[in-house]
1. Residue 270 fails exactly one of the following numbered conditions: (1) assigned to a helix (DSSP H, G or I); (2) modelled with pLDDT of 95 or more. What is the number of that condition?
2. Return yes or no: is residue 222 touching a residue at least 60 places away in the same chain (Cβ under 8 Å) and either assigned to a helix (DSSP H, G or I) or in contact with a strand residue (DSSP E or B) (Cβ under 8 Å, 6 or more places away or on another chain) (or both)?
3. When you check residue 185 against the structure, is it in contact (Cβ under 8 Å) with a residue 40 or more places away in the chain and within 16 Å of the ligand (Cβ to nearest atom), yes or no?
4. For residue 213, only one of the following conditions fails: (1) more than 16 Å from the ligand (Cβ to nearest atom); (2) on the phi > 0 side of the Ramachandran plot. What is its number?
5. Considering only segment 67-166, give the helices (runs of 4 or more DSSP H) lying wholly within it that have at least 2 residues that are touching a strand residue (DSSP E or B) at 6+ places or on another chain (Cβ under 7 Å) and at negative phi.
6. Given the criterion in the same structural domain as residue 165 (by TED's automatic domain parsing) and within 11 Å of the ligand (Cβ to nearest atom), identify the matching residue among 227, 223.
7. Quick check on segment 208-215. Is at least one of its residues touching a helix residue (DSSP H, G or I) at 6+ places or on another chain (Cβ under 6 Å), assigned by TED's automatic domain parsing to the domain that holds residue 184 and in a loop (DSSP other than H, G, I, E, B)?
8. Conditions: (1) at pLDDT 90 or above; (2) surrounded by 19 or more Cβ atoms within 10 Å (Cβ to Cβ). Residue 137 meets all but one. Number of the miss?
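The values are calculated or read from the model by the stated rules, or taken from the named source; none is laboratory data. Owing to the predicted nature of the structure, the values given are computational and were not obtained by experimental measurement. Methodologically, a virtual Cβ is constructed for each residue, glycine included, from the backbone with ideal geometry; neighbour enumeration extends over all protein chains shown.
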Ligand SMILES: [Zn+2]
């Protein structure tokens, strides 16, 4: 894969991101499937005219191909495996994430993330210890994280809300060897769950090299729990008369849902399994599970929009910004400048 030319890798990635097979793209572009296959595997390059036909069919400016400099690394995608999730749909969002990584770099400037990777395989490190390491890398101490998205964006992580409901995935993360981690979080994910979801993906990004396995899911959950609410703080702040009601101040302070909070308490052995089950049942039978009291405010990604707004204020046009990101102006606007529900 590493020998692939930037153009070849871009072609495959954009095609997959558009949800097209080679045959479908052949039909729209007027090139044969065999030709496209050869281009994608690096056996053949095209003349500018035929690149223009391909770019046109894919809805990207031809410069995207002609000026492609960096080979796109396939995204490592972590997600909760759902048997019903079609593989093609996951391939598409993996391509979305890989493209987004390049586009974010083009808009924000290439930056190394402040985060570093922690290989769980090599040491005797627990996800909780990794979470504490990342907390200190980000200089968070043991304090509540008031805005998680702002915090990870400041550390060089790109976060975007993304339509993921159809693939039944809450979020995906990718972190190519070069460049910044990208987290796409589902637009359907409620505020109540969004912070935990993003922290979970951050855990994957820093701890895991390959996608897969229930064990990794447990590790990412353990990371997220400790990252959002360190165990030692939870033990100190745990109320003397614990109940779903007396936990609400903790929920407000740490911005963690009651559902996640009681799971956290069970992990830290503050409540026994029976209490955990009883409280879980109460959360769901009382309807609190769907709508918890004291809802957590929704956090919005800001970094890309703020950079774009500043560029527009400085006299740069949307066309110029779109060209820089190798996108058509319309897609650029709908991706980065419109509020996603
Ligand atoms: Zn996961």
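1. Of the numbered conditions (1) assigned to a helix (DSSP H, G or I); (2) modelled with pLDDT of 95 or more, the odd one out for residue 270 is (1).
2. Taking the combined requirement at face value, the residue satisfies it.
3. On the way: in contact (Cβ under 8 Å) with a residue 40 or more places away in the chain: no; within 16 Å of the ligand (Cβ to nearest atom): yes.
In short, no.
4. Single failed check for residue 213: (1).
5. Here the list reads 87-108, 148-154.
6. Matching residue, one of 227, 223: 223.
7. Checked segment 208-215: at least one residue is touching a helix residue (DSSP H, G or I) at 6+ places or on another chain (Cβ under 6 Å), assigned by TED's automatic domain parsing to the domain that holds residue 184 and in a loop (DSSP other than H, G, I, E, B).
8. For residue 137, the failing item is (2).
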